[in-house]
Amino acid sequence: MNKPEDPRLAATRTLALDAALSILQEKGVLAVTYASISAKTGISRSTLYRHWPKLESLRNDAFLRAATSPIFAPKTNGPLRADLAWMMGNLLTALNETPWGQVAPQVVAVAATDQQARTVIDDFMKDRIVSVEVVFTAAKERDELRENVPVRQLVEMAIAVPYFRKLIAGLPLDHEWLDAHVDLICRLATEPPLK
């Protein structure tokens with residue numbers, strides 16, 4: 001049987017991770033150091049070393065703190081456009097208004113050389129992909145999708161394009177853009193392809 005964690009240790013970890021996330025948002029990944037967290041929290045460096053012997057583990061735990069799972073079940077009662085607009089609206093809010101939207105570019109950069117950060121992204125994206133796939137599966141069951149629609153590509157388009165627009169291109173994500181993006185995906189999903 002597992003022994004419950006000492007509340008003081010849990011409080012120390014929480015305080016350190018909150019500080020690391022704050023530093024990530026304010027100054028970036030390179031500013032997250034044992035010294036900066038110690039200065040911000042008063043937690044000794046030796047205590048931080050005991051909790052996270054490698055600085056990369058501390059940073060990745062802060063990434064995980066920002067990469068919270070969706071707290072909602074996808075809407076699947078249709079029609080496709082309404083369900084997809086609702087789902088994409090939640091993604092827009094997450095990218096514009098949560099720590100993840102600020103931290104995600106840094107996680108992507110670190111993931112190029114750090115497998116643990118790559119795993120954070122992979123796990124985060126799996127949750128989002130499943131949520132959007134559920135919307136398309138429900139639309140297919142309602143017979144809304146055209147025959148042989150490439151669902152996996154549409155799911156990737158639904159998720160990847162907002163990330164690219166916000167995090168790579170530096171363009172805004174607003175409701176006007178969201179409506180046009182959802183309309184495009186719905187046309188590709190329901191209308192016969194151009195010949």
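Taken together, the values in this text are just the output of simple stated rules run on the coordinates, not laboratory data. Computed from a prediction, not measured in an experiment: that's the story for all the values here. Heads up, the Cβs are rebuilt from the backbone with ideal geometry, glycines too, and the neighbour counts pull from every protein chain shown.
Length gained on full extension, Thr113 to Glu156, computed as 0.36 nm times the residue gap minus the Cα-Cα distance: 13.1 nm. Computed on region 7-66, with alpha-carbon pairs under 8 angstrom and 6+ residues apart, the relative contact order is 41 percent. When only Cα pairs under 8 Å and 6 or more residues apart are kept, what is the percent relative contact order across the chain? RCO, the chain: 21 percent. Take the Cβ atoms of Ala11 and Lys54, set R0 to 22 Å, and the FRET efficiency comes out at 0.50.
Look at (1) 29; (2) 22; (3) 36: the one that is percent of Cα pairs over 29 Å apart derived from this structure is (3). Between Asp18 and Asp143, the distance separating the two model label sites (each 7 Å from Cα on the Cα→Cβ line) works out to 5.5 nm.
Here the extension length gained between Thr98 and Arg165 equals 22.5 nm, from 0.36 nm per residue of separation less the Cα-Cα distance.
Pull out a ≥ b ≥ c, the square roots of the eigenvalues of the alpha-carbon gyration tensor of region 98-187, then state rounded if a/c is under 1.5, prolate if not and a/b is larger than b/c, and oblate in the remaining case.
Here region 98-187 falls in the oblate category.
Sorting His181, His51 from the fewest to the most surrounding beta carbons within 10 angstrom yields His51, His181. Residue order for Phe124, Phe164, fewest other beta carbons within 10 angstrom first, comes to Phe164, Phe124. A full extension of the chain between Lys126 and Leu188 corresponds to an added length of 20.0 nm, given 0.36 nm per residue minus the alpha carbon distance.
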